[in-house]
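**Q** Let me begin by handing over the structure; questions about it come next.
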Amino acid sequence: MKLETALASFESAVTAVSVSDVYVPQIGTGVRAGKALSIARRLAVTLLFSISLIFVVEWIARDSVSQVVSFFLDPARPAWTTIGVFFLVFIALDALFSRENYGVILVAPLALIPALVSRQKQIFLSDPLYPTDFLFGRQIMELMPVLVKDRPWTFVGVVVGIIVALMALAWLVRFAWRRFPVLTRRQRMARLAVALPLLGFFYHIMDYNNFSWVRDRLRIIPIMWDQTENYRHNGFLMAFALNLPMANVTAPAGYMSDAIDTIPVKPVPAGTTHRGKPDVIVLMSESFWDPTRLPNVKLSPDPMPTIRAMQSGNVFSPEFGGMTANVEFEALTGFSNAFLPYGSIPYQQYIRNPIPSLATFFRGEGYVARAVHPFQKWFWNRSAVYKAFGFEQFKSEENMPVMQKRGIFASDESLTKEIIRQADQLRDPFFFFTVTLQGHGPYEANRYAKNTIKVEGNLPEVDRQVLATYAQGVKEADDSLKMLMDWASERDRETIIVLFGDHLPPLNTVYPNTGFMNEVTASRKGSLEQMKAQHETPLVVWSNKTGPVKDIGTISPAFLSYQILKQGGFEHPYYTGFLGNVFDRYRVIDRYMLVDAKGKDTAAWSRQKTTPPLIRDYRFLQHDMMFGKRYGTERFFESHSDLFPAAM
C-alpha cells in the first residue's frame, strides 16, 4: 500500500506540473511573464535534480556527509561547476529525447554505479576508481567466487539490490516516457542552442596538459600526481573525467634521437659471463610479506625461517594489496611505473607491441625463457604481455597439470614441484619467471586444515583468524622455497633463485588493530620510514654455488633485473650498464619519492623544475622503447633486436 501511495503521489505531482505549465495568462505582458515563470520553474526542477545527484554521488564516493557538505560549501572547489555541467547535460538530453527531465533518468545510473564501485575499491585498495579500471572488469568477475565465499550474505544483498534496481529503472524509463511533459520543437532547439556550445567549450578546456584560465577560475585543478587529492578536491565525477585521457602518454620534454644518442653506454666485454650460463628461477610470491613486523602481536614459531636466514634485502613495492601486474612490469622490464600516468596499468594499456625484457635478454643468450603461473592466462592480459616480452612459453592453468589447492588457489608446494619437474626436463639453460598464487587474499578462516602458527596478542577474533590464515600461507611459501633450494643444491649447473613479494597483503583491520598503521590500506605518500614500513617486501637472491647475496638494501622492483644479471655474471648495455649507473646513485624510484644510495629521500621530485640528469635519461630510454621511435635499440638492446621489431 505504501508503494502504491508513493507511485500515485509521484504521478499526481508530474500531472500537476504538466497542467500548470499549460495555463498561463493570455494577454500582453502577462503571457510573457507566465511563460518566463514556467521556464524558470522547469529549469529550477532540473537544477534541483543536478544538485541532488552530485550530492548523492559524492556521499557514496566519500562515505561522509560532512565531507560532502564541505565540498559544496568550499568556494575553492568545483562542486557547483560539476552541478552546472550536469545541468547542461540534462537539458541537452531532454531536448534530444523530447521529454522534460528524461536525461536525469538516463544519466543517474551512469553516475551512481561508478561511485558505488569506487567506494568498494577504496576499501580494498585505497585508490578510487579510474577509467582504466574498466579494462580489467573480467578479473573482478573471475575473483567473484572468492568474494562470494568470504561474504555470502553481502553478495546476496548486492544481487537482490541489482535486480530490484534494474526493475525499478525499467519501470521508471517507461513511466517517464509516457508521463513526463513533452517538449515542443522550439523548446528543444532553445535548450540545444544553450547546452551544446557550453558543453563543447567545457570539453575543450579540460585538457590538463595545457593551462586554462577559465578552468582555473572554475576551481578545477588537475592534481594528476596525487589522485587521492585529485578526487578530494575536484569530486569523484570531475576527477574521473580528468583521468579519461590518462592513457595518452606524451613524450617527456627534450625527447629526441640526439637525447638518446648522448646517453653514455658502458662497453660490453667480450663474452657475457665469467661462470658459464647459470639457470635462473625468479619467484614473485603473491602478497608475501613478513607478518612479524606487526606490533603488539607475536607469531610462533617464526613463519619464515628460511627466508629470514637467506634474505638479501627488500623490494620497495609501488603498490599495496593488489595491482600485482605493475610490480611484475618493473621486475621484468627494468622500467619504472614512476614515469607513467598515475593509476595506469601497463599490462592493460601500453603493452601492445614487443618490448625488451629479461626474457628477450636470456633468449638472446641461448636460454629457454618460460613464464609460469597457476592461473588462467588471460588474467592481467598476461598471455599477450608475455608474448610481447619475448617468452617462448607461458605455462598457465590451462596447460599445466592439475595442482593441489589451498582454498581455491594452487598451493606453493604444488607449484614448486611443477617448476622442478619442468626444469628437470630441460638440457639447455633456462630462465623461469614464476608468479605464485597461494598467498592471494581474502584470508578466510578455513583455508587450511590446520594453522600451525600461533597468534598471540589482543586482537578481535576475526582479525586473529585472518592473521593466522595469512601466517600459515607465509610458512608454506617459506617451506616451498626451502624445497626448491634443496633441489638446486644437488644440481651441478649453477642455479640462481630470486624470490620477492609483490606487495603487502590486504589484511584489512589487522593493520589498525595492531597499531601497524592507522588505516586498512597503506599511504601513497609519507615519510621514508613510513613508506618503507608499508611498502617493503622480502627479497632473496641466492645461488647454489655462492649462497645468498647480502646487504642489497631496499630497492625498487625495476632494479631486480640488474641484480639478477649481476649475480649471474652477465653484462648488458642497459640492464647492467645503464641501470647499474642508476643503481649506483639511486635505490628507490617512486613517483612520489627518490631514495639515493645513502638513504636520503627526495619527496615530490617529479614536481620540481629540474629533473636529475640520470633520472631524465632513464625516462627518455623508457619512453623510447615503450612509446617512441626506439632510437636506443642499437646501442642499448642490440642483442634483443632479432626478438622484437626495431621500429614501431
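The values are calculated or read from the model by the stated rules, or taken from the named source; none is laboratory data. Predicted, not measured: the structure shown is a model, and the values here were computed from it. Cβ atoms come from the backbone with ideal geometry, glycine included; neighbour counts cover every protein chain shown. These area figures cover heavy atoms from the full protein model, side chains too; ligands, DNA and RNA do not enter into them. Shrake-Rupley method; radii C 1.70, N 1.55, O 1.52, S 1.80 Å.
**Q** Which value results for Rg/Rh of the chain when Rg is the Cα radius of gyration and Rh the Kirkwood radius based on the inverse mean 1/r? Please report the intermediate quantities before stating the final value.
**A** On the way: Rg = 28.8 Å, Rh = 27.7 Å.
On the Cα set of the chain, Rg over Rh gives 1.04.
**Q** With a cut-off of 8 Å between alpha carbons and a minimum separation of six or more residues, what is the relative contact order of the chain in percent?
**A** Numbers: 966 pairs, mean separation 116.1, N = 648.
Averaging sequence separation for qualifying contacts and normalising by length gives 18 percent for the chain.
**Q** By average Cβ neighbour count within 10 Å, what is the ranking of 90-98, 234-242 from highest down?
**A** Ranking, from highest mean packing down: 234-242, 90-98.
**Q** About its Cα centre, what dipole magnitude does the chain give when the only charges are +1 on Lys and Arg Cβ and -1 on Asp and Glu Cβ, stated in debye to the nearest 20?
**A** 2040 debye
**Q** Give me, ordered by chain and number, the residues 5 or more places off L183 or on other chains with an amide H under 5 Å from its own placed amide H.
**A** Here the answer is R99, E100, since their amide H atoms fall under 5 Å of that of L183.
**Q** Got a sec to turn the phi values of region 311-323 into Karplus ³J(HN,Hα) couplings, 6.51 cos²θ - 1.76 cosθ + 1.60 with θ = phi - 60°, whole Hz, x for Gly and Pro?
**A** Result, rounded to whole Hz: 4, 9, x, 9, 9, 8, 6, x, 10, 8, x, x, 6.
**Q** By accessible area of protein heavy atoms, probe 1.4 Å, what ranking do R232, R382, R585 get, highest first? Working shown, then result.
**A** On the way: R232 100, R382 5, R585 130 Å².
Greatest to least solvent exposure: R585, R232, R382.
**Q** Let me ask something additional. Long-range amide H contacts for L437: which residues qualify at under 5 Å (H placed 1.01 Å from N, peptide plane, sequence gap of 5 or more or a different chain)?
**A** Long-range HN contacts for L437: E286.
**Q** Now for a different question. Less than 9 Å Cβ to Cβ from S300, Lys/Arg counted +1 and Asp/Glu -1: what total charge do the surrounding residues give?
**A** Within the 9 Å Cβ shell, the charges total 0.
**Q** Would you grab the residues whose amide H sits under 5 Å from the one on K545? Only those 5+ places off in sequence or on another chain, please, with H modelled 1.01 Å from N.
**A** T495
**Q** A further question on this structure: What does region 231-366 give for Rg and for Dmax, in Å, if only its C-alpha atoms count?
**A** That works out to 20.6, 59 Å for Rg and Dmax.
**Q** I want the antiparallel fraction of DSSP beta bridges within the chain, as a percent rounded to 5.
**A** Among the beta bridges of the chain, antiparallel pairing accounts for roughly 50 percent.
**Q** Quick check for you: with a 1.4 Å probe and neighbouring chains kept, what is the accessible area per residue of the chain, in Å²?
**A** Solvent-accessible surface per residue comes out at 45 Å².
**Q** Among rounded, prolate and oblate, which fits region 520-648 when a ≥ b ≥ c are the square roots of the eigenvalues of its C-alpha gyration tensor, a/c under 1.5 means rounded, and a/b larger than b/c means prolate?
**A** Because a/c hits 1.5 or more and a/b fails to exceed b/c, region 520-648 counts as oblate.
**Q** Provide Rg and Dmax in Å for region 77-125, with only Cα atoms included in the calculation.
**A** Looking at region 77-125, its Cα Rg and Dmax stand at 13.7, 43 Å.
**Q** A further question follows. Whole-Hz Karplus ³J(HN,Hα) for region 567-583, in order, using 6.51 cos²θ - 1.76 cosθ + 1.60 and θ = phi - 60°, x for Gly and Pro?
**A** Listing the rounded values in order: 5, x, x, 8, 10, 7, x, 9, 5, 10, x, 5, 5, x, 5, 5, 5 Hz.
**Q** Which sequence of K545, K395, K532 reflects their accessible areas, 1.4 Å probe, from the largest down? Don't skip to the end; give the middle numbers.
**A** Details: K545 115, K395 50, K532 75 Å².
Ranked list, largest accessible area first: K545, K532, K395.
**Q** Roughly how many percent of the accessible protein surface of the chain is carbon and sulfur, given a 1.4 Å probe and a whole-percent answer?
**A** After summing per-atom areas, the C and S share lands at 60 percent.
**Q** Let me ask you something else. Sort T521, T452 by accessible area with a 1.4 Å probe, largest first.
**A** On the way: T521 20, T452 65 Å².
Largest to smallest exposure gives the sequence T452, T521.
**Q** Here's a follow-up. Calculated FRET efficiency, K387 and V268, Cβ-Cβ r, R0 25 Å, to nearest 0.05?
**A** 0.40
**Q** Note the full-extension length gain between A603 and N458 as 0.36 nm times their separation in residues minus their Cα-Cα distance, in nm to one decimal.
**A** Working: separation 145, 0.36 × 145 = 52.20 nm, distance 3.61 nm.
Between A603 and N458, full extension yields 48.6 nm more.
**Q** Rolling a 1.4 angstrom probe over the protein chains, ignoring ligands and nucleic acids, what is the accessible area of V173 in square angstrom, nearest 10?
**A** Counting only protein heavy atoms, the figure is 50 Å².
**Q** Keeping all protein chains in position, work out how much accessible area F87 exposes to a 1.4 Å probe, and write it in Å² to the nearest 10.
**A** 40 Å²
**Q** Let me know the shape class of region 311-453, please: from the alpha-carbon gyration tensor, a ≥ b ≥ c as square roots of the eigenvalues, rounded when a/c is under 1.5, otherwise prolate if a/b is greater than b/c, or oblate. Kindly include the intermediate steps, with their values, before the conclusion.
**A** Numbers: a/c = 1.80, a/b = 1.18, b/c = 1.52.
In terms of gyration-tensor shape, oblate.
**Q** How far is the Cα center of region 32-110 from the Cα center of region 185-234, in Å?
**A** 15 Å
**Q** Enumerate the calculated ³J(HN,Hα) couplings along region 343-359 in order (Karplus 6.51 cos²θ - 1.76 cosθ + 1.60, θ = phi - 60°), each rounded to whole Hz, writing x wherever the residue is Gly or Pro.
**A** Result, rounded to whole Hz: x, 7, 10, x, 4, 8, 9, 10, 7, 10, 10, x, 9, x, 7, 4, 5.
**Q** Under a point-charge model restricted to the Cβ atoms of Lys and Arg (+1) and Asp and Glu (-1), what is the dipole moment magnitude of region 149-259 relative to its Cα centre, in debye to the nearest 20?
**A** 1080 debye
**Q** Also, quick follow-up: Rounded to the nearest 10 Å², what accessible area does T262 show when all protein chains are kept and the probe is 1.4 Å?
**A** 110 Å²
**Q** Go through N446, P505, N234 and say which Cα lies farthest out towards the positive end of the charge dipole of the chain; charges sit on Cβ, +1 for Lys and Arg, -1 for Asp and Glu.
**A** Comparing the listed Cα positions along the dipole, N234 ranks first.
**Q** Here's a follow-up. Quick one: helix 412-424 against the long Cα principal axis of the chain, what's the angle to the nearest 10°, folded into 0 to 90?
**A** Tilt relative to the chain: about 50 degrees.
**Q** While we're here: Give me the angle, in degrees from 0 to 90, between the Cα long axis of helix 324-333 and the longest principal axis of the Cα atoms of the chain, rounded to the nearest 10.
**A** Between the helix axis and the principal axis of the chain, the angle is about 50 degrees.
**Q** So, one more: Which angle from 0 to 90°, rounded to the nearest 10, does the C-alpha axis of helix 28-62 make with the longest principal axis of the chain?
**A** 20 degrees
**Q** Using 0.36 nm per residue of separation minus the Cα-Cα distance, give me the extension gain between W80 and R427 in nm, one decimal.
**A** Using 0.36 nm per residue and subtracting the Cα-Cα distance, I get 118.1 nm.
**Q** Just to confirm a number: summing +1 for Lys and Arg and -1 for Asp and Glu over residues other than R382 whose beta-carbon lies under 12 angstrom from that of R382, what do you get?
**A** With Lys, Arg at +1 and Asp, Glu at -1, the neighbours total 0.
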